[in-house]
Amino acid sequence: MSEQIDQTDCNCPPEGLPAYMGTFADLMSLLMCFFVLLLSFAEMDALKYKMVVKSLDNAFGVQREVAANEIPKGTSIIAQEFSPGEPRPTPLKEVRQDTIDETRDALKIKLDAEDVAKEIAKEIAEEVEKFKEALEGEIEEGLIDVESQMNRIVIRIREQGSFSSGDARLNRAFIPILDKIRDVLAKTNGQLAVAGHTDNIPINTPRYRSNWELSTSRATSVVHELLKTGEIPPERFVLEGYAETQPLTTNDTAANRAKNRRVEIIVLKSTIIEDVTKSIDTLSQEYESVDREITILNGE
């Protein structure tokens with residue numbers, strides 16, 4: 001009887017875990033899921049982030065000389081100060097930096113190239129008029145043609161009066177015409193290309209095996225005559241022979257074949273434009289190199 005009373009009066013905890021532990025475990029599980037979800041949201045696309053930052057860099061620009069009515073530009077949404085580049089330590093409590101306006105130099109060179117192109121076009125028009133004035137009689141007789149093509153002047157010497165058929169020796173009566181051409185060429189600048197052309201009738205003589213040799217020999221005769229007085233340096237000349245490969249018209253009639261038999265003196269005016277274009281390309285490469293260095297410094 002005493003054993004039964006002792007068991008009834010014992011204040012022992014119930015078997016198993018307390019009831020609140022189930023609620024606590026559920027709460028902890030929910031909190032863990034919540035933070036895992038937050039962590040998954042915190043992961044970002046690094047490429048898209050870099051694209052956003054680069055877009056804002058381009059939009060805000062760098063410190064440079066701008067017109068008063070333009071919005072000031074910056075390059076970073078992370079930096080606390082207005083500074084697109086790496087700041088240099090200074091004794092003062094402020095951030096200072098050196099910036100370069102590359103686009104201004106590029107724009108200046110492009111504008112210079114346009115000005116040069118306009119100047120060359122004007123120069124070509126003036127020189128064409130000089131040739132036409134000096135060779136007015138020969139042009140009217142159909143011995144010479146003068147025209148401008150893009151950035152060059154073409155003086156076209158017809159076979160009529162200049163060369164005998166199938167021969168590359170200049171007719172003596174045509175030498176005074178070349179003297180007039182030389183006088184004007186000596187006052188011009190630019191490369192001089194002398195090109196010989198023939199029709200499509202094959203030639204095979206003891207002196208000329210093909211139209212290639214004939215066209216080149218005729219161009220050579222013209223160059224020798226232009227160099228005779230020493231007024232034009234030989235470094236300006238380029239010799240070319242095209243045979244029948246570049247006709248002015250079809251070779252179906254005798255009149256058309258006569259038009260195709262010619263020697264052309266071409267005054268090239270592209271040297272300055274090529275130099276300016278090369279300068280623009282060089283500046284663009286330097287600008288891209290600086291842009292890559294800035295990207296590396298910014299840790300992109």
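The values are calculated or read from the model by the stated rules, or taken from the named source; none is laboratory data. These numbers were taken from a predicted model, which means no experiment stands behind them. A quick note on method: Cβ atoms are made from the backbone with ideal geometry, for glycine too, and the neighbour counts reach across all protein chains shown.
Has segment 185-194 got at least one residue that is farther than 17 Å from R236 by Cβ and assigned by TED's automatic domain parsing to the domain that holds P247? Checked against the condition, which is being farther than 17 Å from R236 by Cβ and assigned by TED's automatic domain parsing to the domain that holds P247, segment 185-194 yields no hits at all. Considering segment 167-224, the residues that are among the β-branched types (V, I, T) and part of a helix (DSSP H, G or I) include one that is farthest from R261 (Cα to Cα), namely V184. Kindly indicate the residue of segment 171-195 that is buried (at least 19 other Cβ atoms within 10 Å of the Cβ) and in contact (Cβ under 8 Å) with a residue 60 or more places away in the chain and also nearest to G137 (Cα to Cα) among those meeting that condition. Checked segment 171-195; the qualifying residue nearest to G137 (Cα to Cα) is I181. Taking segment 196-224 as the range and being buried (at least 22 other Cβ atoms within 10 Å of the Cβ) and of a type in the set (G, A, S) as the test, the residues that pass are G196, S215, A219.
From the list S148, S162, the one residue that fits, being modelled with pLDDT under 90, within 28 Å of N204 (Cα to Cα) and assigned by TED's automatic domain parsing to the domain that holds A219, is S162.
Annotation note: of T220, T249, the sole residue that is touching a residue at least 12 places away in the same chain (Cβ under 8 Å) and among the polar types (S, T, N, Q) is T220.
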